[in-house]
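What follows is a set of notes on a single structure, which appears directly below.
Rule-based calculations on the coordinates, nothing more; no lab input. These numbers were taken from a predicted model, which means no experiment stands behind them. Cβ atoms come from the backbone with ideal geometry, glycine included; neighbour counts cover every protein chain shown.
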Amino acid sequence: ATISVADLLPLWNAEAAPDEIWVVRGSAVMFHVPDVAIFRIEDGCSIAVSPFPESDPDKIRLYVLGTCMGVLLLQRGILPLHGSAVAIDGKAYAIVGHSGAGKSTLASVLLDRGCRLLSDDVIPVILNEDHMPIVLSSYPQQKLWQNSIDELGIHHTDCKPLFDRELKFAVPVRSGF
């Protein structure tokens, strides 16, 4: 997939109704996040981002790695689940639930007990030739809230805030991925 910067405002203004945040046209999906950017995902192979002035690049990154990747995976026929996935004895276990339910925290505890992280936040699931679900791995990072980091004893120097004024952090997974 390619990710590029583009001026999507004229296209958004032409296709979106007032107060609309999502537009689906053929093989393209666009969405608008006020004060952040307009995003366009097309054909499962490209993501275009039109940042608003003074928008936070870290906040844009959150949407590219979360919502945009979820849409891109759907366009490719891959089911994106919102959660964390770990491998236990050669099998994938998806931990899913509402935002703030503790999915990544539980996965982190399981990593400390020898499990391996497959994916955090967006879990890509495909069917193999026998129509059995297979979880694809993503990248070695978790998103954890400050209180989880404190309780788990994770070194703060390894963590980067997801964006300014946020108490959720990107935590690299150095082993167990």
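At 222 nm, what helix-only mean residue ellipticity would the chain give, in deg cm²/dmol to the nearest 500, using -39500 (n - 2.57) for each DSSP H run of four or more?
On the way: 5 runs with 38 residues, N = 177.
Value at 222 nm, helices only: -5500 deg cm²/dmol.
Assuming a ≥ b ≥ c are the square roots of the Cα gyration tensor eigenvalues, decide whether the range 53-145 counts as rounded (a/c under 1.5), prolate (otherwise, with a/b larger than b/c) or oblate.
On the way: a/c = 2.35, a/b = 1.22, b/c = 1.92.
Oblate, since a/c reaches 1.5 and b/c is not below a/b.
If you count the DSSP beta bridges with both ends in the range 1-120, what percent of them are antiparallel, to the nearest 5?
Values: 26 of 30 bridges.
Roughly 85 percent of the beta bridges in the range 1-120 run antiparallel, per DSSP.
Enter the angle in degrees (range 0 to 90, nearest 10) between the Cα long axis of helix 103-112 and the first principal axis of the Cα atoms of the chain, meaning the one along which they spread out most.
So the helix axis and the longest Cα principal axis differ by about 40 degrees.
Just to be sure I understand, if you calculate Cα extents along the principal axes in Å for this structure, which of [x] 53, 46, 26; [y] 43, 38, 26; [z] 56, 31, 25 do you get?
[x]
Along the charge dipole of the chain, pointing to its positive end and built from +1/-1 on Cβ of Lys, Arg, Asp and Glu, which listed residue (ILE134, LEU73, VAL5) has its Cα farthest out?
ILE134
Most mobile of ASP130, ASP58, ASP121 per a Gaussian network model of the chain (Cα springs, under 10 Å)?
ASP130
Using per-residue counts of other Cβ atoms within 10 Å, averaged over each peptide, order 60-71, 79-90 from highest down.
Values: 60-71: 18.8, 79-90: 17.1.
Order by mean packing, descending: 60-71, 79-90.
In debye, nearest 20, what is the charge dipole magnitude of the range 27-177 about its Cα centre with +1 on Lys and Arg Cβ and -1 on Asp and Glu Cβ, if you could check?
160
Sequence-distant or interchain residues sharing an amide H contact under 5 Å with ALA6, placed H: which?
HN-HN under 5 Å from ALA6: VAL49, SER50.
Expressed as a rounded percentage, what relative contact order does the range 53-117 have, with Cα pairs under 8 Å and six or more residues apart? Mind showing how you got there, number by number?
On the way: 48 pairs, mean separation 15.9, N = 65.
Value for the range 53-117: 24 percent.
How many angstrom lie between the Cα centre of the range 20-54 and the Cα centre of the range 110-128?
Distance between centres, Cα-based: 28 Å.
Could you name the lysines whose alpha carbon sits less than 19 Å from that of LYS168, not counting residues in the same chain fewer than 8 places away?
Within reach: LYS59, LYS103, LYS143, LYS160.
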